[in-house]
1. Kindly list, by first and then second residue, each pair from a residue in segment A:353-381 that is over 15 Å from residue A:418 (Cβ atoms) to a residue that is surrounded by fewer than 17 Cβ atoms within 10 Å (Cβ to Cβ) and charged (D, E, K, R), limited to pairs with Cβ atoms under 6 Å and residues at least 6 apart or on different chains.
2. Considering every residue within segment A:430-439, establish whether at least one is open to solvent by 80 Å² or more (accessible area, probe 1.4 Å), away from RNA strand B (no atom under 16 Å from the Cβ) and touching a helix residue (DSSP H, G or I) at 6+ places or on another chain (Cβ under 8 Å).
3. Check off (1) surrounded by fewer than 17 Cβ atoms within 10 Å (Cβ to Cβ); (2) more than 9 Å from RNA strand B (Cβ to nearest atom) for residue A:376 and give me the number that stays unchecked.
4. Could you please give the count of residues in segment A:311-343 that are open to solvent by 40 Å² or more (accessible area, probe 1.4 Å) and either more than 6 Å from RNA strand B (Cβ to nearest atom) or part of a helix (DSSP H, G or I) (or both)?
5. Give segment A:440-474 a look and list any residue that's open to solvent by 90 Å² or more (accessible area, probe 1.4 Å), within 45 Å of the chain's Cα centre (by Cα) and within 13 Å of RNA strand B (Cβ to nearest atom), or say none.
6. Residues in segment A:53-67: is at least one open to solvent by 10 Å² or more (accessible area, probe 1.4 Å), near RNA strand B (Cβ under 9 Å from one of its atoms), part of a helix (DSSP H, G or I) and at pLDDT 90 or above?
7. Select, from A:264, A:213, the only residue that is open to solvent by 10 Å² or more (accessible area, probe 1.4 Å) and free of Cβ contacts under 8 Å to residues at least 24 places away in the same chain.
Amino acid sequence: MTDHSPLVLFNSLTRQPEPFVPVHAGEARVYSCGPTVYNYPHIGNMRAYVFADVLGRTLSYKGYALTHVINITDVGHLTDDADAGQDKMEAAAAARAQSIWDIARHYTQAYWDDIAALNIRTPAHWSIATEYVPQMIAFAQTIAARHCYELPSGLYFDIASVADYGLLARAHTEEGAGRIDEVEGKRHAADFAIWRKTPAGETRQMEWDSPWGRGAPGWHLECSVMSGALLGFPFDIHTGGIDHREIHHPNEIAQNQAFCCTGGLADPASSGARVWMHNNFLVDRTGKMSKSSGEFLRLPLLIDRGYHPLAYRLMCLQAHYRSELEFSWDGLGASLTRLKRLVMAVAQLRDRAGQGADQPGPRFAEALARFDAAISDDLNTPVALTVLDEVVAMKKVDPAEKLAAIGVIDAVLGLGLLTLNRIDLRLRPKAATIDEAAIATVLDARRAARADKDFARSDALRDDLSAAGVEVMDGDPLGWDWRPTAATPATGATA
RNA sequence: GGCCCGAUGGCGGAAUGGUUACGCGCCGGACUGCAAAUCCGUUUAUGCCGGUUCGAUUCCGGCUCGGGCCUCCA
C-alpha cells in the first residue's frame, strides 16, 4: 500500500472532479448535514451517512487527521412554506403530547442506533443545534446590517447582497410561476429567514430572545454557525443529500460569504468549504420511503425481517454515491448473500491464520494499488468491492497476510468483516413462528433420524421447519445449520 | 410551467472512442440419502433515430420513456 493514487473528489460547486488539497496540511475537516429529529430516519436518509462515513474512512486511510462533525437539528423546521408553515418539531410534540425536548431526544437516539448498526464511525462532534443558539444570534448580528432586512415575521437574508447566489444549484433565481406563497415584503422570492419571530400572542416550546424579538433561528443558519464554530472557515468538505444542493446549501453558502466578507465563488474558499459533496437518493418504487405514508423503510424494519443492517450498508456500497440506487427486498437479499459469503470466507481465513503477519505483503501490492485507485477515484466503492472479492479469492497466499489485506480494504468499506460472525448475520424475522430453542430441538431430532437412516422422518422434520420459516442447511462449512427463509425472498416461499 | 439528471443482461450496478466489471439470480458440475448451504464453472445487455469517426455503448443533435428539484425530505 505504498503507491497511493491522489484522492480525487467530485465538487458539486464546480461540477468537476478535483484533487483533494487540505486547507490545513495533514488534516481533513468535514461537516455533514445531519437529521432533523422530529421523526425516525428512513434507510434513504441513512445512505447519506454511509456515504459520509466512507468519505471519512477514506480520508483516514489516506493519512489525514480527520475531524468530522455531524449536526443534529433539534430546532423545529417549518412543515410547508418557508415562512408560513407549522413547525415540524412543534407538530410532532403536539401529535404525541410530549415535550418537544423529549421528542428530540427520542428520535436522536433512534438515529444514533441506526448509525451504530451501520458501522458508521462516531464523528468527533455531534453538534446539537439548540446548544448553539447564542452563536447563531451573534452570527446573525454580524451579517444583519449589510445582508439582512427585517419584516414583521422575521429577519431575512437578501440574496442579492452576495455574489454568485445559487451557483451550487446551477439555478437562476428569477422566479417563474409563483408557486411559493410570497411572504409580504420579501425583496426576492429566494430570500430566506435568518430569524423567525414567534407570532404575536403565541408561545412556542422552543424559542429564544434575540435583537429581532422572541423566536427561533432559521434553519440554514445553524449549519453555517456550527460548521464555522467547530471547523473554522474555510474547512475542507461539506456533505449532504443531493436535495440540499438546491436550497439549503446555496443559502448556507450565501451566509458564509456574508460572514466571511469574501467575494464571489470563483474562489471555492469563499463558500465556507472548499468542496461540497452530495450523495444521490435511494429510490424506492414501492413508495415506502415517504414518511407521511405511515410505515416507511426504517433500518429496524429490515432487521425485523431478518436482514442484517450491514447488508444494507453493502447495498449502498455496491452503487456509486452519486448514482441513484434502487431499493428492493430482492436486492437487499442479494446483498445479504454477498455479505454472508464474504464473512464466511474471512472467518475461515481467521481459523487458518493463527498468529501470522499483520502486513499484507508483496503478493497483495497490485490488488491493493487497484483498491487505492478505485477509492481515490471519487470513492468508487463498487469497483473497490470487486478488488475485495479478488483478494478474498486469491489462492496459495499466506492466510494471515490475506487477512491483513482484507483489513486494509475493510477499514475503508466498514463492513466489519474482521469481527462479524456468520452467526451474527442469521437474524430471525420478527414474524417467525418459532424460536431458537424450538429450532434446536427439531434439528436435534432430525439429526437423530438421519443417523438412523430414517429419511422419511428427517424430511418431515425439515418440512416442519420450512413451514415455520426456517430453512435447514446440512453440512454448512461454518455450522450455520439453518437460516430464516424470509431473508431470501427471491426463492418461492412455498410452504 | 422553469431548471436539472438519467436510460447498460432476469435484477442491482461499474467502466470505456476499439476485448462490455462485479454481485445476486439462472444453468451445469462437485458435495449430499435427497435437498439446502458451500465450492468450481458457464450464460445473457448498452432505449429509438440521425451525425462526427477507420470504429460509438461511450462524443454531438433530436425523439421516447423515467426521475429529481422549484414546498426546509438524505
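1. The qualifying pairs are A:367/A:390; A:369/A:3.
2. yes
3. (1)
4. Of the residues in segment A:311-343, 6 are open to solvent by 40 Å² or more (accessible area, probe 1.4 Å) and either more than 6 Å from RNA strand B (Cβ to nearest atom) or part of a helix (DSSP H, G or I) (or both).
5. Result: A:447, A:462, A:463.
6. Looking only at segment A:53-67, we keep the residues that are open to solvent by 10 Å² or more (accessible area, probe 1.4 Å), and these are A:57, A:60-67.
Subsequent filtering for residues that are near RNA strand B (Cβ under 9 Å from one of its atoms) retains none.
No, segment A:53-67 has no match at all.
7. A:213
Yes/no per residue for (1) of a type in the set (Lys, Arg); (2) over 31 Å from the mean Cα position of the chain (by Cα); (3) open to solvent by 60 Å² or more (accessible area, probe 1.4 Å):
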{"site": "A:346", "(1), (2), (3)": "no, no, no"}
{"site": "A:367", "(1), (2), (3)": "no, no, no"}
{"site": "A:371", "(1), (2), (3)": "no, no, no"}
{"site": "A:382", "(1), (2), (3)": "no, no, no"}
{"site": "A:387", "(1), (2), (3)": "no, no, no"}
{"site": "A:390", "(1), (2), (3)": "no, no, yes"}
{"site": "A:395", "(1), (2), (3)": "yes, yes, yes"}
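The values are calculated or read from the model by the stated rules, or taken from the named source; none is laboratory data. Predicted, not measured: the structure shown is a model, and the values here were computed from it. In this analysis, Cβ positions are derived from the backbone assuming ideal geometry, glycine residues included, and neighbour counts consider all displayed protein chains. Quick note on the areas: whole protein, heavy atoms, side chains included, nothing else; ligands and nucleic acids left out. Shrake-Rupley method; radii C 1.70, N 1.55, O 1.52, S 1.80 Å.
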